[in-house]
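The values are calculated or read from the model by the stated rules, or taken from the named source; none is laboratory data. Quick caveat: nothing in here was measured; it's all calculated off a predicted structure. Quick reminder, even Gly has a Cβ in these numbers, built from the backbone with ideal geometry, and neighbours come from all protein chains shown. These accessible areas exclude ligands, DNA and RNA; they are computed on the full protein's heavy atoms, side chains included. Shrake-Rupley method; radii C 1.70, N 1.55, O 1.52, S 1.80 Å.
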Amino acid sequence: MTAHSEPLAPAPRSRAASVQKISFAGGCEAWLVEDYAVPLVALECAFPGGAAQDAPGKAGCATMLSALLDEGAGPLDDEAFHRALDEKAIELSFSVDRDTLRGHLRTLAKHVEAAFDLLRLAVNAPRFDERPVERVRAQITAGLKREANDPDSRAAKAWREAAFPDHPYGRPTNGTLESIAAITRDDLVAMRRAGFARDGLKVAIVGAIDATRARALLEAAFGALPQTAALRDVPEARMANLGAVRVVDIDLPQSTIRFGAPGVGRRDPDYDAAVVVNHILGGGVFSARLFKEVREKRGLAYSVHSGLQTQQRGAIFAGATSTKNERAAESLSVIESEIAGLAEDGPTDDELAKAKSYLTGSYALRFDSSTKIAGQLVQLQIDGFDVDYLDRRNALIEAVTMDDAKRVAKRLFGAGQLLVAVAGRPEGIEGRHLG
Amino acid sequence: MTAAAAAPIADFHLANGMQVVVIPDHRAPVVTHMVWYRNGSADDPLGKSGIAHFLEHLMFKGTHAHGPGVFSDRVAELGGQENAFTANDYTAYFQRVAREHLGEMMRFEADRMTNLTLSDEVVTPERDVVLEERRMRTDADPAAQLQEAVHSALFAHHPYGLPVIGWEHEIATLDRHDALAYYRRFYTPENAVLIVAGDVGTEEVRALAEATYGAIPARGEPPERARPKEPPIRAHRLVTLADAKVEQPSVSRIYITPSYNTAKPGEAEALEVLAHLLGGGATSLLYKRLVMEQKIAVAAGAYYLGGALDDTRFFIYALPAPDCSLEKLDAAIGALIDEAKHKDFPAGDLERAKTRLVADAIYAQDNQTSMARWYGASLATGSSIADIRAWPERIEAVTPDDVRKAAALLDSRRSVTGYLTPEETPAAA
């Protein structure tokens, strides 16, 4: 035997080349990665819309809609629908974010026909029977009550309300006790009718299925939808209240702090540089500045991080930490000073090199399961990229120069102002309203 | 019969006693590298609760060869992800990296198996970090506080009754001497399992493992995991936590039951099927009766924590509908469990439960990290590779009679009921 401990050879491959494009239903396109290593099929799909389509006073409508699609459709009532899924271990669920409503399907390859048929029913013919509507209403209500005094939820909610006071982005995705109570069956039916159409639909399939079969199943599932959606216009969201501090009083020994500022959109030329800069500040690694300063050196918190949220009508930069009340002011001041320092001086050469190295090296980790690959492919379609992005992405990160990083650090953090929301009993942090 | 059984998973031991498992998955050029130690919070010495978890944090503080943060910085630079976790019965460390970096990860991980160095400078702030972690997970959450109290009540003597993270007043006293003593006792090749899942072959892993972990001298026998046994307990207990911050009450029941490691043949598999029949999703008995039909709950479910070295826990929970008391809901749960002890579950229900469980074993293969965790957790809690491979067949073999017998193991004298309620408001004068 030739034992050796040489490094294993890297395996460069073109990810884009593994993607087949399938046209279906007169103008729709799905991306397929055919792979028979595991006998399953995963599908991810997205309709534009999401929680931003909730009418004033009806926050949570999209969430409720997504929860009801698999609660009875076509000839199957809620119980029969659940049973049909369970009998073949088919996983079908729907979720919403600010800008989209998404479907998630996973099935054993041998049950792919049945799985797509249930998807077809859920998308085209949800029943919204009274029994599941009331049950789901009660479940969302219970969820809202459970998070009523959860410091994380409270701080996040206060932050959003202050950031986007007159915009759907400022409303909670899951709604409020009042808004959930106010949603009617007609609201749900209308929202589905307005949003479920072929023109904005994005689909990705990964697994043990070929293009011919996939096309036929997609035709059946989505072909009967109307051509165009009738979504309400969502205006650009300009973040308000920079420099303000909101304190939510909850009797707890620890303060949960949310902070943020305007971000950089997904199609902004500065996006890749912003990803690099954020990674250096508060990305999910032990070498990030916030992690080192807040956690490692001072033991102020277990968790501290920041990230970019690229909502379509208003991107934000946002971060969070939790620290005992006595040291909340210290934590916030360390965070503010790290942010100001990065805006002022930019990163070091070493930080920039390591951040690029991390971001390019870790890209492959987003593609190690069928569900993750399908999710990545749908997101690229939503963001308006073509499959070639899969092979270009690392070069975009590599191309970020020190000048880019410094410029974008100033752009993100240069105003030196954050909107801060704190839940707990923080010592030395006062609420601050502007104007 | 199942794809799980067909997967070409290899296992062997190094000369120093370290177990190695290789789980090939060539779909993406990445690997998950994990080292599991067969010790967890249930092995914390008396009065030192939290030491297993605290040491897990301190394992990132450097060795003679690599100072604090060097390993983590290197993982980040390579675009890897890393972390660690501590549970009742094990502690595990992992990195996910591009395949060509596996050897380097193994060199670092092997180094910190024996060469950890700790100074007060790094230990003291990290203890504060752990105290903040405890505040975040427990002190900010009445439901988490109730869980702690329920577990303390459930286990009169066995350390599964203690929180994994430890009690605050004991964490506050832990120092580097405690950590190093615990480290020297448990962090040995005989006590460790290496799992590599991903784009790699058995012989590559064998060569790399022999060159890294294989160089660590054997210590002899693996450390003994001597834990106090539970006495027979004959009293059902009710634990109530009332807090003004609770707006949605809940009820839970936890039973002590056999684990895969302590059960008679077939018993644990039957408990697994029972958990699914009782509370696995929207077609389960609890959900159907309490949520759909009686409408006294808005959610209900059950699960069985089968992977444990010692006798373990079977959980049932429900959230009451607004007009239902916890007492009424709890009584309805009790009635359903009594029913299950005599019930002839329809063949279709039993088949559905088995289909779901066996499918989970196939879905797990879609994710190399899930596979690595499944194998690691099983091997650290007394299962063998053969046990894991045969698991789908053993689930298929469960009969209606097995399920009834499993339900009979849910003995209310070995259980605790937990109520989470809003603080009682004094009656208006």
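5 Å is the cut-off here: which amide hydrogens, built 1.01 Å from N in the peptide plane, fall below it relative to B:D411, excluding neighbours closer than 5 in sequence?
Result for B:D411 returns nothing.
How about B:K264: which lysines have a C-alpha closer than 16 Å to its C-alpha, ignoring those fewer than 8 places off in the same chain?
B:K264 reaches B:K405.
Counting only protein heavy atoms and using a 1.4 Å probe, what share of the accessible area of region B:282-429 belongs to carbon plus sulfur, as a whole percent?
54
Put simply, what bits of region A:343-384 lose 50 Å² or more of accessible area when the other protein chains are there, versus the chain on its own (1.4 Å probe)?
In region A:343-384, residues shielded by partner chains: A:K354, A:Y358, A:L365, A:D368.
For region A:251-289 and region A:313-337, what is the centre-to-centre distance using only Cα atoms, to the nearest Å?
Measuring centre to centre over Cα atoms gives 11 Å.
List the residues, sorted by chain then number, that are 5 or more residues from B:D243 or on another chain and whose placed amide H is less than 5 Å from its amide H.
Distant-sequence amide H within range of B:D243: B:T421, B:E423.
How large, in percent, is the carbon and sulfur part of the accessible surface of region A:16-222 at a probe radius of 1.4 Å? Spell out each step's value before the answer.
On the way: 3540 of 7250 Å².
Accessible surface attributable to carbon and sulfur in region A:16-222 totals 49 percent.
Determine the total buried accessible area between chain A and chain B, counting protein heavy atoms only with a 1.4 Å probe; round to the nearest 100 Å².
Buried: approximately 6200 Å² between B and A.
Tell me the per residue accessible area of the protein assembly as shown using a 1.4 Å probe; a whole number in Å² is fine.
38
Diagonalise the Cα gyration tensor of region A:322-435 and give the resulting equivalent ellipsoid semi-axes, square root of 5 times each eigenvalue, largest first, whole Å.
One finds semi-axes of 35, 20, 15 Å for region A:322-435.
Starting from the 7 Å offset along Cα-to-Cβ, what nm value, one decimal, do you get for the label separation of B:A149 and B:E351?
About 4.6 nm separates the two model spin labels.
What FRET efficiency comes out for A:R213 versus A:A353 if R0 is 35 angstrom and r is the Cβ-Cβ distance? Round to the nearest 0.05.
The pair A:R213/A:A353 has a calculated efficiency of 0.15.
Show the residues, 5+ positions off or on another chain, whose built amide H is closer than 5 Å to the amide H of A:L101.
Those qualifying (amide H under 5 Å, at least 5 residues apart or on another chain) are A:F47, A:G49, A:G50.
Straight-line reach from A:K406: which lysines have Cα under 18 Å away, leaving out those fewer than 8 places along the same chain?
Leaving aside lysines fewer than 8 places away in the same chain, those within reach of A:K406 are A:K354, A:K356.
Taking only the alpha-carbon positions of the protein assembly as shown and ignoring solvent, what does the Debye formula give for the base-10 log of I(q)/I(0) at q = 0.08, 0.09 Å⁻¹?
Each listed q corresponds, in turn, to -0.78, -1.03.
Out of every Cα pair in region A:16-222, what percent are spaced more than 30 Å from each other? Mind showing how you got there, number by number?
Numbers: 5777 of 21321 pairs.
Cα-Cα pairs of region A:16-222 separated by over 30 Å account for 27 percent.
Return the residues of region B:13-52 for which accessible area with all protein chains present is lower than in the chain on its own by 10 Å² or more; set the probe to 1.4 Å and exclude ligands, DNA and RNA.
B:H26, B:R27, B:A28, B:P29, B:V30
What are the extents of the Cα atoms of chain B along their three principal axes, in Å, largest first?
Principal extents (Cα only, largest first): 67, 59, 39 Å.
Can you run phi through the Karplus equation (6.51, -1.76, 1.60; θ = phi - 60°) for region A:337-351 and list ³J(HN,Hα) in whole Hz, with x for Gly and Pro?
With coefficients 6.51, -1.76 and 1.60, one gets 6, 5, 5, 5, x, 5, 5, 6, 10, x, x, 7, 4, 5, 4 Hz.
If you build the Cα gyration tensor of region B:213-307 and take the root of 5 times each eigenvalue, what three semi-axes come out, in whole angstrom, biggest first?
Sorted largest first and rounded, they come to 37, 20, 16 Å.
For a protection proxy built on the mean count of beta-carbon atoms within 10 angstrom, sort B:344-353, A:105-114 highest first, please.
Descending mean neighbour count gives A:105-114, B:344-353.
Longer than 21 Å from Cα to Cα, which of A:K145/B:K288; A:K88/B:K354; A:K88/A:K110 are they? Say none if no pair is. List each step's numbers first, then the result.
Details: A:K145/B:K288 23 Å; A:K88/B:K354 10 Å; A:K88/A:K110 9 Å.
Too far apart for the 21 Å limit: A:K145/B:K288.
How long are the three semi-axes of the equivalent ellipsoid for region B:24-183, computed from the Cα gyration tensor as the root of 5 times each eigenvalue, in whole Å, largest first?
Rounded to whole Å, the semi-axes are 30, 19, 14.
What's the Cα-based Rg to Rh of region A:245-424, Rh via Kirkwood?
Taking Rh as the inverse mean 1/r over Cα pairs, Rg/Rh reads 0.99.
I need the trypsin sites (Lys or Arg not before Pro) found in region A:259-300, filtered to DSSP loop residues with at most 13 other beta carbons within 10 Å of theirs. Mind dumping the intermediate values first?
Numbers: sites: A:R266, A:R267, A:R289, A:K292, A:R295, A:K297, A:R298; in loops: A:R266, A:R267, A:R298.
Passing sites in region A:259-300 are A:R267.
Considering protein heavy atoms only and a 1.4 Å probe radius, which residues within region A:82-106 exhibit an accessible-area decrease of no less than 10 Å² in the full assembly relative to the chain by itself?
Residues meeting the cut-off: A:H82, A:R83, A:D86, A:E87, A:A89, A:E91, A:R106.
Just check region A:63-128 against the gyration tensor rule for me: Cα atoms, a ≥ b ≥ c as the square roots of the eigenvalues, rounded for a/c under 1.5, and otherwise prolate or oblate depending on whether a/b exceeds b/c.
oblate
On the accessible surface of region A:245-424, probed at 1.4 Å, how many percent belong to carbon and sulfur atoms?
Details: 2950 of 6390 Å².
Using a 1.4 Å probe with all protein chains present, region A:245-424 comes out at 46 percent carbon and sulfur.
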